[in-house]
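Read the figures in this text as sums done on the coordinates, not as results from a lab. Note that the coordinates shown come from a computational prediction; the quantities given were computed from them, not determined experimentally. FYI the Cβ positions are ideal-geometry reconstructions off the backbone, even for glycines, and counts take in every protein chain you see.
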There are 2 protein chains.
Amino acid sequence: MSTRLDFFIDRMVSQRACLDFGIAQTADMQGPVFELGLGNGRTYHHMQHNIKGRDLYVFERAVASHPDSTPPEELTILGDVRETLPAALTRFGATASLIHADLGGHNRAKNDAFAQLISPLVEPLLAVGGLMVSSDRMYFEALTEMPLPPEAVEGRCFIYRRDS
Amino acid sequence: MSTRLDFFIDRMVSQRACLDFGIAQTADMQGPVFELGLGNGRTYHHMQHNIKGRDLYVFERAVASHPDSTPPEELTILGDVRETLPAALTRFGATASLIHADLGGHNRAKNDAFAQLISPLVEPLLAVGGLMVSSDRMYFEALTEMPLPPEAVEGRCFIYRRDS
Ligand SMILES: C[S@@+](CC[C@H](N)C(=O)[O-])C[C@H]1O[C@@H](n2cnc3c(N)ncnc32)[C@H](O)[C@@H]1O
Ligand code: NI
Ligand code: NI
């Protein structure tokens, strides 16, 4: 029987494996990286330390991260992603090399509804060759779902790519 | 370079490995199990689902766990462990088969000072053959530090046993 601890460990391990895969696959791209949801800042810290030569923007409603893992003001995009993602499209166009989203809470139905809502706001931001890594299944029109790296657990993380 | 995400994953994986080891090693004992610090309730949930035939008491200052992982009132010992541990010694004597402690926060120096403070309050609660699993190094007089199970990462978790 799986416990909440087992589930949580699978989720964190999968998140790291998918992020590492996404960072490596897009390492030759120059476009910005978007972290949607800062939370405690653990995945932000991981991305910040492993991504070189690309701007890493954080989208967050209310910054409450660990002091070690707080992004600089000029790379923080404050507000509700339902408003800041459309604004980011105007500002950046289809240039993002990597987008990571971990916006969910405890309620799976709510998370799913939110993923449906923001999928069309996320999709146009990705450059060709860009990847999206998400803790929730997304609802994209034209992105390709990719197989997970071996360390990740099926259903705990999702990877999508813009092929063209 | 290790990130906060790496560190956190190592900690959770070690916690589970040490808990599973501690539960298995003490499976034949009848004395109660004590969970010190409920937090979100993930380790409580794991213990609750894997410990059979023993009472599982939770010591916590302020219950704020996930609804799935909230202990029944009669097994919740509310208050500061600096007061509830001495009271538990009066109530239970040296009968605990397993004690798990994860009371720390972000500040390592504070966690260490607190571990020093509560070590003499925890030590007399353990029955002979009983184990203590802790996220912080403890300062015991007569307990034996045990080697970690293979899945655990050195320094992320500690196991102690009362031999006599
Ligand atoms: C890190 S959390 C425990 C997380 C838990 N192991 C889990 O898996 O979700 C630490 C908990 O210890 C509690 N705590 C810290 N100091 C305490 C004290 N002196 N007395 C009682 N509870 C305390 C806090 O309220 C907090 O809920
Ligand atoms: Ni750092
Ligand atoms: Ni359950």
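Rounded, prolate or oblate: pick one for the range A:103-164, where a ≥ b ≥ c are the square roots of the eigenvalues of its C-alpha gyration tensor, a/c under 1.5 means rounded, and failing that, prolate if a/b is larger than b/c, else oblate.
Working: a/c = 2.52, a/b = 1.18, b/c = 2.14.
Oblate, since a/c reaches 1.5 and b/c is not below a/b.
Note the distances from B:GLY93 to each other copy's matching label point, with points 7 Å along the Cα-to-beta-carbon direction, in nm, sorted shortest first.
7.9
How large is Rg/Rh for the range A:4-161, to two decimals, with Cα atoms and a Kirkwood Rh? Spell out each step's value before the answer.
Details: Rg = 14.3 Å, Rh = 15.5 Å.
Checking Rg against Rh, the ratio lands at 0.92.
Normalised by the empirical 2.2 N^0.38 Å for globular proteins, what value does the Cα Rg of the range B:1-94 take? If you can, show how the numbers build up before the last one.
Values: Rg = 14.5 Å, N = 94, 2.2 N^0.38 = 12.4 Å.
Working it through for the range B:1-94, the quotient is 1.17.
Net charge within 12 Å of A:THR3 by Cβ-Cβ distance, Lys/Arg positive one each and Asp/Glu negative one each, not counting A:THR3 itself? Walk me through the numbers on the way to the answer.
Numbers: positive: A:ARG4, B:ARG16, B:ARG42; negative: A:ASP6, A:ASP10, B:ASP20, B:ASP68.
Combined, the nearby Lys, Arg, Asp and Glu give -1.
With Cβ to Cβ distances under 14 Å as the rule, what net charge do the other residues near B:GLU73 carry (K, R +1; D, E -1)? Walk me through the intermediate numbers first.
Working: positive: none; negative: B:ASP55, B:GLU60, B:GLU74.
Overall, the nearby charge balance is -3.
Starting with the fewest neighbours, write out A:THR144, A:THR76, A:THR26, B:THR43 ranked by other beta-carbon atoms found within 10 Å of each beta-carbon.
Numbers: A:THR144 12, A:THR76 15, A:THR26 21, B:THR43 25.
By the 10 Å Cβ count, ascending, the order reads A:THR144, A:THR76, A:THR26, B:THR43.
Kindly rank B:2-12, A:110-120 from highest to lowest mean number of other beta carbons found within 10 Å of each residue.
Working: B:2-12: 18.1, A:110-120: 15.5.
By packing density, highest mean first, the sequence is B:2-12, A:110-120.
Considering chain B as a Gaussian network with a 10 Å cut-off on Cα pairs, which listed residue, B:GLY105, B:GLY22, B:GLY37, attains the greatest mean-square fluctuation?
B:GLY105
How large is the convex hull of the Cα atoms of the range A:42-134 per residue, expressed in Å³ as a whole number?
110
Points 7 angstrom from Cα along the Cβ direction at B:GLU74 and A:ALA109: gap in nanometres?
The answer from the label model is 3.3 nm.
With every atom except the alpha carbons ignored, what do you get for Rg and Dmax of the protein assembly as shown, in angstroms?
22.5, 70
Could you tell me which helices of chain B pass both thresholds, a Cα extent of 30 Å or more along their own axis and a mean Kyte-Doolittle hydropathy of at least -1.0, with helices taken as whole DSSP H runs? Present the calculation step by step, with values, prior to reporting the outcome.
Values: long enough: B:4-25 (31 Å, 0.23).
Taking the DSSP H segments of chain B (at least 30 Å long, mean hydropathy at least -1.0), we get B:4-25.
Quick one: length gained pulling A:ALA27 to A:HIS49 fully straight, 0.36 nm per residue minus the C-alpha distance? Walk me through the numbers before you get to the answer.
On the way: separation 22, 0.36 × 22 = 7.92 nm, distance 1.33 nm.
Computed gain between A:ALA27 and A:HIS49 is 6.6 nm.
Across the residues of B:4-13, average count of Cβ atoms on other protein chains within 10 Å?
6
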